[in-house]
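Notes to accompany the following structure.
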Amino acid sequence: MSPKIGHQIDITDGFLRDVRLGQYRPDLARAVLDIDSIENHKVFTMADPFRIVVDVRGKRPAETGPAPAVSKTVAAKPKNEKTQTPEAAKPKTNLARASNVATSKTKPAQAPARQAAKAGTGKAQPPDAAAIRSAKKLPSLAQQLGLGVSRIVIDPGHGGRDKGAIGGNGTYEKDITLAIAKKLQQAIEKNTRCKVLLTRADDRFISLEERTAIANGEKADLFISIHVNAHEDRSIHGFETYFLNLSRDRESARVAAFENATSKKKISDLEAILKDLLRNTKISESSRLAATVHRQLAHGLSKEYKNFHDLGVKQAPFYVLLGAEMPSILVEAAFLSNEKEEQLLQQKAFQAQIAHGIAFGIGRYIGALDKTARLEDNP
């Protein structure tokens, strides 16, 4: 067992006072979380490796006013370890870190997978029009507070048994997103002072819940989820960028439905999900990030690839973005279902162009927040 068994770990972050660990039998380990302030909590499991996660939500004592709920994610012991010993007023669970942050040096490995059909896209929608109109008049709250960006988490969509979309020539979305994400990591680190982390650096399955838990656990300032699109109509092509909000059109809702397919949430969770969405005060800042990134991505692609279709910035309730405590976006880089774009997505040069466009957009966004950020001109 861990050498910390039998010890007390002081946390004092406004949610937890401390964590007490003990082992009273060879087959039983116990953790007690002494809590300062919570509003509610959720318990769910994650695989590879199996663990139980307790997601605690509430306001820290120092917070005042209508601040959004924030979360801390901790992972608990496996199912076969039963918790004993009553502690009347104190929640208890085993403690372990939920974050399994990847580095870009790990090589992908093959894993069993299932085929999924992705549904499409439609006409571009203006990104949160009211927020954008207001943004043109006033600096964003992040700008007014002088907030900067120092840590970014990039999420290569799908992975492991979840192949994502599959092209006509057998190309897996999970492989393309990982390749783009690694190039994006390098491009951001080259053109900014930010530390960049990946949710996965090889071919592994990570649940939607765990992806944002990693970003939250690493205290990331931005969360970028990378995907490629697909549609039953193979003539549809182009790229689009999403931020979290309720869908404004049927096609955005269909795209979100596909990307949310691996979530274990049920209809009974709908009220809690809607509350999380309505409490998300990062929507306006995420729309700014989406617009800036998309503009730079479009600029780069239009110069190198003629007639590449710009489908615009859109909004949809992607579950992978819902739990993020920082501005977050989801990029659908191209259509794997389109024969020409599948061929492009297989090319390292095209993957690099996508990565560089996103990276320069992030650089522009950072530059608007922090005038001291080092930016290179978009070629």
Worksheet item: Just a yes or no: is a residue in segment 288-301 at pLDDT 90 or above, in contact with a Leu (Cβ under 8 Å, 6 or more places away or on another chain), not charged (D, E, K, R) and not in a loop (DSSP other than H, G, I, E, B)?
Response: yes
Item to complete: Identify all residues within segment 178-200 that are β-branched (Val, Ile, Thr) and assigned to a loop (DSSP other than H, G, I, E, B); write none if there are none.
Response: 192, 199
Item to complete: Please go through segment 334-372 and pick out each residue that is of a type in the set (A, V, I, L, M) and modelled with pLDDT under 95.
Response: 366, 368, 369
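One line per residue, one yes/no per condition, for (1) assigned to a helix (DSSP H, G or I); (2) at pLDDT below 75:
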| residue | (1), (2) |
| --- | --- |
| 202 | no, no |
| 216 | yes, no |
| 227 | no, no |
| 231 | no, no |
| 242 | no, no |
| 247 | no, yes |
| 251 | yes, yes |
| 257 | yes, yes |
Fill in: Selection status of residue 264, surrounded by fewer than 19 Cβ atoms within 10 Å (Cβ to Cβ), modelled with pLDDT of 85 or more and under 17 Å from the mean Cα position of the chain (by Cα)
no
Practice prompt. Give segment 1-30 a look and list any residue that's hydrophobic (A, V, I, L, M, F, W, C), over 24 Å from residue 219 (Cα atoms) and at pLDDT 70 or above, or say none.
Written response: 21, 28, 29
Worksheet item: Within segment 166-174, can one find any residue that is closer than 23 Å to residue 344 by Cβ, of a type in the set (Lys, Arg) and buried (at least 24 other Cβ atoms within 10 Å of the Cβ)?
Response: yes
Worksheet item: So which of 212, 199 ends up being assigned by TED's automatic domain parsing to the domain that holds residue 305 and in contact with a Lys or Arg (Cβ under 7 Å, 6 or more places away or on another chain)?
Response: 199
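The values are calculated or read from the model by the stated rules, or taken from the named source; none is laboratory data. Since the model is a prediction, treat every value here as computed from it, not as a measurement. Note that we place each Cβ from the backbone using ideal geometry, even for glycine, and neighbour counts take in every protein chain shown.
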